[in-house]
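Step one of this worksheet: look at the structure below.
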Amino acid sequence: MPGTRKLGKPTDQRMAMLRQMVTDFLDNGRMETTVTRCKEIAPMAEKMITLGKKNTLASRRQAIAFMTREDVVTKVFAETAPGYSERNGGYTRITRTGPRRGDAAEMAIIELV
């Protein structure tokens, strides 16, 4: 599911970080992080919203297996996904905000459209 970026971490740590970031992003609706992490989070978050649009027991179990908090899964299936029923993909927007002060990493805000 994720892209080819390794983000400087071993596979298990990278997947745990991305799962947590997707969960937090879908809980809050927006997040500020680096551009490369935004590009990794976006397709995963869109997949979770698509599962929420299906709203079957199997799709709910797939979402629970990926996301780290069950209350966020309930929120996605009950509130977030029905709002995108007329939209075929493209649920996220990435806006670049400039370099970070400490290490000059390119920062961006990812948000739900």
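The values are calculated or read from the model by the stated rules, or taken from the named source; none is laboratory data. Given the structure is predicted, the values throughout are model-derived calculations rather than measurements. Cβ sites come from the backbone with ideal geometry, for glycine too, and all protein chains shown count toward neighbours. Protein only, heavy atoms only, side chains kept; ligands, DNA and RNA dropped before computing areas. Shrake-Rupley method; radii C 1.70, N 1.55, O 1.52, S 1.80 Å.
Sort through 108, 104, 81 and tell me the only one that's among the aliphatic types (A, V, I, L, M) and on the phi > 0 side of the Ramachandran plot.
One residue alone meets the criteria, 104.
In the set 62, 13, 20, which member is touching a residue at least 12 places away in the same chain (Cβ under 8 Å), open to solvent by 60 Å² or more (accessible area, probe 1.4 Å) and not acidic (Asp, Glu)?
20
Condition first: surrounded by fewer than 19 Cβ atoms within 10 Å (Cβ to Cβ) and either aromatic (Phe, Trp, Tyr) or within 11 Å of residue 77 (Cα to Cα) (or both). Now tell me which residues in region 35-52 satisfy that.
50
Please go through region 65-113 and pick out each residue that is basic (Lys, Arg) and surrounded by 11 or more Cβ atoms within 10 Å (Cβ to Cβ).
Correct list: 69, 75, 87, 93, 96, 100.
Any idea how many residues of region 23-34 are in contact (Cβ under 8 Å) with a residue 40 or more places away in the chain and either small (Gly, Ala, Ser) or exposed (fewer than 15 other Cβ atoms within 10 Å of the Cβ) (or both)?
Residues in region 23-34 being in contact (Cβ under 8 Å) with a residue 40 or more places away in the chain and either small (Gly, Ala, Ser) or exposed (fewer than 15 other Cβ atoms within 10 Å of the Cβ) (or both): 3 in total.
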